1. Filtering the stretch 185-204 down to residues that are in contact (Cβ under 8 Å) with a residue 40 or more places away in the chain and not in a loop (DSSP other than H, G, I, E, B), which residue is least open to solvent (accessible area, probe 1.4 Å)?
2. Going by the structure shown, is PHE25 open to solvent by 60 Å² or more (accessible area, probe 1.4 Å), touching a residue at least 12 places away in the same chain (Cβ under 8 Å) and of a type outside the set (S, T, N, Q)?
3. Could you give every pair whose Cβ atoms fall below 6 Å, whose first residue belongs to the stretch 68-85 and is within 15 Å of THR149 (Cβ to Cβ), and whose second residue is open to solvent by less than 80 Å² (accessible area, probe 1.4 Å) and basic (Lys, Arg), counting only separations of at least 6 or pairs across chains?
4. Which one is farthest from VAL84 (Cα to Cα), of the residues in the stretch 137-149 that are open to solvent by 20 Å² or more (accessible area, probe 1.4 Å) and either part of a loop (DSSP other than H, G, I, E, B) or modelled with pLDDT of 80 or more (or both)?
5. It is to be established whether one or more residues within the stretch 92-99 are modelled with pLDDT under 70 and under 30 Å from LEU181 (Cβ atoms).
6. Restricting to the stretch 28-41, count the residues that are open to solvent by 90 Å² or more (accessible area, probe 1.4 Å) and part of a helix (DSSP H, G or I).
7. Within the stretch 171-180, is even one residue open to solvent by less than 40 Å² (accessible area, probe 1.4 Å), over 17 Å from PRO152 (Cα atoms), part of a helix (DSSP H, G or I) and free of Cβ contacts under 8 Å to residues at least 12 places away in the same chain?
8. Consider the stretch 60-75. How many of its residues are crowded, with 16+ Cβ neighbours inside 10 Å and β-branched (Val, Ile, Thr)?
Amino acid sequence: MRKNINLIIWITTFLIVAAGLAALFSASYQNTRISNSVFYDQLFFAIVGFIIMFLLSRVDYRNFYDLAYVFYGITIVMLVLVLVSGRHALGATRWFSIAGISFQPSEIAKFSVILALARYFAGRRPSVSFDNDFKGGIWWDLIIPFIITAVPMLLIFKQPDLGTALLFMGIFIVMLFASGLEKKYIAGFLGICLAGFPFAWGILKSYQKDRLLV
């Protein structure tokens with residue numbers, strides 16, 4: 001069963017990357033505004049990504065469990081530092097430049113949040129429930145994981161990078177489902193988030209509102 005799951009992950013990842021590369025090639029082919037080098041750069045990094053994915057798949061997952069919170073803490077520090085000393089471009093401060101190579105800490109944050117939430121929920125097994133103590137349960141099983149997600153999410157929103165910040169909410173919801181938390185509580189939480197959306201709308205910039213409306 002595990003081999004089948006691993007194969008599904010590989011195939012799904014390959015198809016998603018291939019679709020993105022195909023779209024990028026189509027957009028840049030014989031385009032005077034976008035060079036073909038954009039496609040080849042992404043193809044190179046896709047290959048590097050698959051190599052890293054293969055190497056990480058050979059590592060015992062328990063090593064990730066032990067380092068999850070450390071990795072998360074380092075990521076938070078990086079997200080703070082990029083706001084202070086990161087490279088500013090295109091109206092945002094999202095990048096670090098080291099030896100001529102630029103990277104976004106927000107991309108690393110996606111991975112670190114998944115690891116941190118996975119460790120937290122694994123440590124709560126099998127107590128993820130609201131049945132015994134509703135107040136205590138909602139705090140430990142929902143609010144704290146939300147805080148773990150919200151801290152990097154808000155720092156990324158501050159850059160500003162609304163698109164990436166919203167992805168963290170998706171990560172949080174998926175991890176809630178994976179944790180085994182009852183769906184009625186997840187639905188209730190989502191209802192609260194939707195109810196608060198009109199208040200959040202007021203703090204968005206005009207171009208961010210346009211993107212959401214489109």
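1. Step one: of the stretch 185-204, the residues in contact (Cβ under 8 Å) with a residue 40 or more places away in the chain are 185, 189, 204.
So of that shortlist, the ones also not in a loop (DSSP other than H, G, I, E, B) come out as 185, 189.
Numbers: TYR185: 46, PHE189: 22 Å².
Among those that are in contact (Cβ under 8 Å) with a residue 40 or more places away in the chain and not in a loop (DSSP other than H, G, I, E, B), it is PHE189.
2. Yes: the conditions hold for PHE25.
3. From the stretch 68-85, the pairs are ALA68/ARG119.
4. Selected residue: ILE143.
5. no
6. First pass over the stretch 28-41, keeping only residues open to solvent by 90 Å² or more (accessible area, probe 1.4 Å): 29-30, 32-33, 40.
Now restrict to residues that are part of a helix (DSSP H, G or I): 40.
Residues flagged as open to solvent by 90 Å² or more (accessible area, probe 1.4 Å) and part of a helix (DSSP H, G or I) within the stretch 28-41 amount to 1.
7. no
8. 1
The values are calculated or read from the model by the stated rules, or taken from the named source; none is laboratory data. Everything quoted here is computed from the prediction, not taken from an experiment. Reconstructed Cβ throughout: ideal geometry from the backbone, glycine too, with neighbour counts over all protein chains shown. For accessibility, only protein heavy atoms count, side chains too; no ligands or nucleic acids. Shrake-Rupley method; radii C 1.70, N 1.55, O 1.52, S 1.80 Å.
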